[in-house]
Amino acid sequence: MGKHARDLNTEMRAAWAISDTAATFAHALSERGFILAKGDRRGHVAVSHEGEVLSIARATGKKVKEIKARLGDPESLPSVDEAKAQMASDMRGAFIRHAKEARAARDQAMRHVEAERQRMTAQHCAARCKPGSRP
């Protein structure tokens, strides 16, 4: 995934430490780029933006019983495939937003370039139209 497993586990543990319910844990995970989901083989998993599936129990070092007590039944969560689809949708929205911002920045820069071009055109025209200048 481009991240060291120790870093991923640290992020999961931090999300676990600051949360006390399934909703707060899901929110803490989403801030770190994960979606809480129901695993195919394990109860609670996190799906990364790259589509990787990580076990909550393994990453946090907590027992499955403790995780179920805090997060509830995993059947109420989206499946891994649904979480991947949601992540793709979220990333598509972010990509569109970034593309719009890039276009706006480009347009702003081009307005400056166009204003400078018009200033130079007027300056050249004035220089050519001066009496005593060559035609």
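The values are calculated or read from the model by the stated rules, or taken from the named source; none is laboratory data. Computed from a predicted model, the values in this text were never measured in an experiment. When we count neighbours, we look across all protein chains shown, and the Cβ atoms used for this are built from the backbone with ideal geometry, even at glycine. Accessible surface is based on the protein model in full, side chains and every heavy atom, while ligands, DNA and RNA are left aside. Shrake-Rupley method; radii C 1.70, N 1.55, O 1.52, S 1.80 Å.
In a shell of Cβ-Cβ distance under 9 Å around P74, excluding P74 itself, what net charge do Lys and Arg (+1) and Asp and Glu (-1) give?
Here the charged neighbours net out to +1.
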Where only protein heavy atoms count, and the probe is 1.4 Å, what is the accessible area per residue for segment 20-135 in Å²? 72
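Pairs of lysine in segment 48-134 with Cα under 28 Å and at least 8 positions apart or on different chains: total? Show your work: numbers first, answer last.
Details: K62/K84; K63/K84; K65/K84; K68/K84; K84/K100.
Final tally of qualifying lysine pairs is 5.
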So for the chain, taking the charge dipole from beta-carbon charges (+1 Lys/Arg, -1 Asp/Glu), which of A15, H44, A104 sits furthest toward the positive end? A104
Estimated dipole of the chain in Debye, rounded to 20 [Cβ of Lys and Arg +1, of Asp and Glu -1, Cα centre]: 720
Within segment 51-135, what whole-number % of the accessible surface is contributed by carbon and sulfur, with the 1.4 Å probe and all protein chains included in the calculation? 57
